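We did not get these values from a lab; they are worked out from the coordinates using the rules stated. No experiment lies behind these values; they were computed from the predicted model shown. Note: ideal-geometry Cβ built from the backbone for every residue, glycine included; neighbour counts use all protein chains shown.
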Amino acid sequence: MQDYISERVIKEGEYIVQTSGTVRSAAAEFSISKSTVHKDVTERLKYIDRGLYEEVRRVLDKNLSERHIRGGMATKNKFESRRTKIS
């Protein structure tokens, strides 16, 4: 694997762990696609830094388990803000 790819993968992994961020937030931070970030942190990172990979996996699993809650809260807030604007 090329050196610049390895460096990018490690930076993405560290960013996700430090911020408890999502693949989407990492993609925005590094100006690359979500697909690239996902492949980097779920496939490539495993062979570069196993410990960091396991930390990233925990963060991503936590985000996945909370996704439905965040979506529900966003919908709730959306309709509450509409209700206050009308009245």
As a check on your grasp of the helix formula, calculate [θ] at 222 nm for the chain: sum -39500 (n - 2.57) over DSSP H runs of n ≥ 4, divide by the residue count, round to the nearest 500. -27000 deg cm²/dmol
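Pairs on different chains or at least eight residues apart, Cα atoms closer than 19 Å: how many lysine pairs in the chain fit? Could the numbers behind the result be given before it?
Numbers: K11/K34; K11/K39; K11/K46; K34/K46; K34/K62; K39/K62; K46/K62; K76/K85.
Count of close lysine pairs: 8.
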Quick one: if you stick a label point 7 Å off each Cα along the C-beta vector at S35 and E55, how many nm between them? 2.9 nm
Label model pair I5, T42: point-to-point distance (7 angstrom along the Cα→beta-carbon line) in nm is 1.8 nm
So how compact is the chain: Cα radius of gyration and Dmax in angstrom? 16.5, 59
